[in-house]
Amino acid sequence: MSGHVHYYMRSKPMHGGKDVATPTQGTIYTISIGIPSEHEIWPDEPYAALRYKNGPFYQLMDIQGKKLTYTVYDKDGKVKDELVISK
């Protein structure tokens, strides 16, 4: 998880710089925007599963047994992204 860049991005599962089929084969990266921001330069990220240029957003991680749920909300509490990983 990172928060320096001022937009939201969740990557596809990644391993060795390439996207892979499942989270068991790689790592999912997220960047979160905590403040309103406008980017004039917004590079293409082919490894991105989802991106939002404007925020702010907040995240909640919930772990129940072998299930991790990662939910992203906007300032009004609307779900903007959700990822569930089960082992």
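Throughout, read-outs are computed from the coordinates displayed, never taken from laboratory work. The structure displayed is predicted, hence computed values, not measured ones. With ideal geometry, Cβ positions are generated from the backbone for all residues, glycine too; neighbour counts draw on all protein chains shown.
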Open item on the list: Just to be sure I follow the rule: in the chain, considering lysines 8 or more places apart or on different chains, how many pairs have Cα atoms under 18 Å apart?
Closed with: 8
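Placing +1 at every Lys and Arg Cβ and -1 at every Asp and Glu Cβ, with all other atoms neutral, what dipole size does region 1-75 have around its Cα centre, in debye to the nearest 20?
Here the size comes out at about 320 debye.
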Open item on the list: Just to confirm my numbers, what's the Cα centroid distance between region 1-44 and region 72-87 in Å?
Closed with: 15
TODO: Just subtract the alpha-carbon distance of ILE35 and VAL5 from 0.36 nm times their residue separation and send over the number in nm, one decimal.
DONE: 9.8 nm
TODO: Give the span of region 8-86's Cα atoms along each principal axis, as three whole-Å numbers ordered largest to smallest.
DONE: 35, 29, 13
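Determine the relative contact order of region 8-86: mean sequence separation of Cα pairs under 8 Å and six or more apart, normalised by residue count, in whole percent.
Relative contact order for region 8-86 comes out at 25 percent.
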Task: Karplus 3J(HN,Hα) series, Hz, for region 7-17 with 6.51 cos²θ - 1.76 cosθ + 1.60 (x for Gly, Pro) - done: 7, 9, 8, 10, 7, 5, x, 10, 8, x, x
Task: Fully extended contour minus Cα-Cα distance, from LYS66 to VAL84, at 0.36 nm per residue - done: 5.4 nm
Task: Potential lengthening between GLU45 and THR24 on full extension [0.36 nm per residue; Cα-Cα distance subtracted] - done: 5.4 nm
